[in-house]
């Protein structure tokens, strides 16, 4: 009895001496993405690895923040994504959902998050509607969007003389959004769109569509698609001599994993826009080397975005001392960030993270020194120029 | 210059040719399915996975052993065929007495396992595989630019299809096979090893899928899902042609490639479903398929 009392006294004394422990915060993060389908390589398990790295690098444990990470496969289907998101919020006590590629699934999760009053930090999806027509006070859109892609690749190609465009568009929400946003940029820069064809998603053979594009008289073929579709379209454009005949390809959304899949022989010379590339500076190289050790491949911008977004979220939790979504989001929007992967930036009132985007060109095989040595940087697109201006009704800080 | 429904004849010719090229894949793949179904009564759902394996084996031969496209065109089907033989020996052969459904479920499971295996080790984005140097470039036909490699696909598939048809319908070996389908006990009584023949037939069907996979590797993304995307269409082709009909599978394969090609010109959004619409109509009007015998 006496011994127990003494022991109890020690414990009490120890607790009083350590203020951090007294303020223990439990955080539960859910990484929801494609773990088996077309977007599994660019998000998937790699995004979970990135989130875990963020928790480690933030030294959350030392700061009294206990983080648990769970993950699930939404199979790129909005209904499955909705069910998981609901279950995570209602029964599993998840505080924030991360990643969520596939625009239709992301829009569904954004709505559920707003109703549940939690936090949604999207990295994988492209649609500008996430912070536009369907904006929510609880959504943070981190990495890129269709407008940024259009302002990167679309603008660069048009300015370089590619004035007549023909689109091959993946026939679903994302493809149409990308075509719409790129068309605006093309027209604003003195170009015109001479035609487009809606390609069923997903597709294997693009030769018919490429031939239609060839016959259209356009000098640029805009690929408003992603993943395996883009890879197949580019592969077959090379085969059919489209580029040799003078037409240029503009791959509007391409990830480093897609270029890796194509190889520099086929992809050389393509322009593309990304928010992050592993070989930009010492910080990105060091982080990517650690990531590669854990995951087996170089990170995509989506995975890097999960890391960067999680970091910013944890910083906000530390600042406000709780996981209260209103306070945390207010703090995320009030304080800028400066991290090793995305550099300096801030989160706008509508939840759009503003940071620089980069225009890259795929290297020639002779310039590439390794399997993942794929890009050279052409230009930097300032965050303010890359993303759409905020819609007044979406400014949730007011 | 005459125009058909607003489409210039040059464009139409080009699209028909492309349809024929796609039809080549349908023909070779549905041929393998038809051979397996006709002789084994197994609905081989692993066919798409075997097609994918053909492409992957070609990639492995090149990247691990430095063996190029032309040897791979022979070696990869042999490897895929060998795994088919193994699968038949170890698993499928135990299911012949049971309902079709068991074979379908087993091969479906095998397909999912194979896809998962390749996805785990090689990811989903795919792997690069170049067109062989001898086949690079193409011919300007006036109405379109025809890559040499695509022309080769048509030639190779026609040779393989006709060869298979000839072997099964016109040779002594084919006669044994057909007889064994009708009455295995009687054929066995003549001293022919029927189980071994069946095993080799499955291996041959799998090898056909592997062959199509090697043909596809340089032009489509080599990724674990390439077969899953293809197999459903190919099943529709087989149903339209008539289950088990060799010549039906070949003709329908090329024919539906053409129909799909035309749909891509006139109504691109519908090109992914046109084959299934035709399947539904054929099932309503002639349930045994265009070339099938009434069961």
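Listing for the model above:
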quantity: Unique match (being touching a strand residue (DSSP E or B) at 6+ places or on another chain (Cβ under 9 Å), away from chain B (no Cβ under 12 Å), closer than 28 Å to residue B:257 by Cβ and surrounded by fewer than 24 Cβ atoms within 10 Å (Cβ to Cβ)) among A:217, A:269; calculated: A:217
quantity: Residue match in segment A:171-178 (condition: assigned to a loop (DSSP other than H, G, I, E, B), more than 12 Å from chain B (Cβ to nearest Cβ) and modelled with pLDDT under 90); calculated: no
quantity: Sole exception among (1) at the interface with chain B (Cβ under 8 Å from one of its Cβ atoms); (2) buried (at least 24 other Cβ atoms within 10 Å of the Cβ); (3) closer than 30 Å to residue A:304 by Cβ; (4) more than 18 Å from the chain's Cα centre (by Cα) for residue A:263, by number; calculated: (2)
quantity: Filtered residue count, segment B:133-151, keeping only those that are crowded, with 17+ Cβ neighbours inside 10 Å and in a helix (DSSP H, G or I); calculated: 3
quantity: Residue under evaluation residue A:101, criteria (1) surrounded by fewer than 24 Cβ atoms within 10 Å (Cβ to Cβ); (2) closer than 25 Å to residue A:346 by Cα, criterion not met; calculated: (1)
quantity: Residues being surrounded by fewer than 23 Cβ atoms within 10 Å (Cβ to Cβ) and not assigned by TED's automatic domain parsing to the domain that holds residue A:308 - total across segment A:119-154; calculated: 0
quantity: Test result for residue A:205, part of a loop (DSSP other than H, G, I, E, B), buried (at least 22 other Cβ atoms within 10 Å of the Cβ) and facing another protein chain (nearest Cβ under 10 Å); calculated: yes
quantity: Residue count for segment A:220-240, restricted to those that are more than 7 Å from every other protein chain (Cβ to nearest Cβ), in a helix (DSSP H, G or I) and either on the phi > 0 side of the Ramachandran plot or touching a helix residue (DSSP H, G or I) at 6+ places or on another chain (Cβ under 8 Å) (or both); calculated: 6
quantity: Residue identified as surrounded by 23 or more Cβ atoms within 10 Å (Cβ to Cβ), modelled with pLDDT of 95 or more, in contact with a strand residue (DSSP E or B) (Cβ under 9 Å, 6 or more places away or on another chain) and within 12 Å of another protein chain (Cβ to nearest Cβ) among A:168, A:210; calculated: A:168
quantity: Candidate set: segment A:190-202, residues that are over 21 Å from residue A:241 (Cα atoms) and more than 10 Å from chain B (Cβ to nearest Cβ); chosen: the one surrounded by the fewest Cβ atoms within 10 Å (Cβ to Cβ); calculated: A:190
quantity: Hits in segment A:339-361 - residues which are touching a residue at least 24 places away in the same chain (Cβ under 8 Å) and not in a loop (DSSP other than H, G, I, E, B); calculated: A:339, A:345, A:347, A:352, A:353, A:354, A:357, A:358, A:359, A:360, A:361
quantity: Which numbered condition residue A:245 fails, given (1) in a loop (DSSP other than H, G, I, E, B); (2) away from chain B (no Cβ under 13 Å); (3) more than 22 Å from the chain's Cα centre (by Cα); calculated: (2)
quantity: Single unsatisfied condition, residue B:261 versus (1) touching a helix residue (DSSP H, G or I) at 6+ places or on another chain (Cβ under 6 Å); (2) more than 21 Å from residue A:237 (Cβ to Cβ); calculated: (2)
quantity: Residue check, residue A:255 crowded, with 19+ Cβ neighbours inside 10 Å, within 9 Å of chain B (Cβ to nearest Cβ) and in contact with a strand residue (DSSP E or B) (Cβ under 7 Å, 6 or more places away or on another chain); calculated: no
quantity: Residue match in segment A:316-337 (condition: closer than 15 Å to residue A:58 by Cβ and under 16 Å from the mean Cα position of the chain (by Cα)); calculated: no
quantity: Conditions (1) touching a strand residue (DSSP E or B) at 6+ places or on another chain (Cβ under 8 Å); (2) over 18 Å from residue A:204 (Cβ atoms); (3) at the interface with another protein chain (Cβ under 10 Å from one of its Cβ atoms); number of the one not met by residue B:116; calculated: (1)
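Conditions (1) at pLDDT below 95; (2) within 28 Å of residue B:177 (Cβ to Cβ); (3) buried (at least 18 other Cβ atoms within 10 Å of the Cβ); (4) within 14 Å of another protein chain (Cβ to nearest Cβ), marked per residue:
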residue: B:22; (1), (2), (3), (4): yes, no, yes, yes
residue: B:41; (1), (2), (3), (4): yes, yes, no, no
residue: B:79; (1), (2), (3), (4): no, yes, yes, no
residue: B:104; (1), (2), (3), (4): yes, yes, no, no
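The values are calculated or read from the model by the stated rules, or taken from the named source; none is laboratory data. If you're wondering where the values come from, they're calculated on a predicted model, not measured in any experiment. FYI the Cβ positions are ideal-geometry reconstructions off the backbone, even for glycines, and counts take in every protein chain you see.
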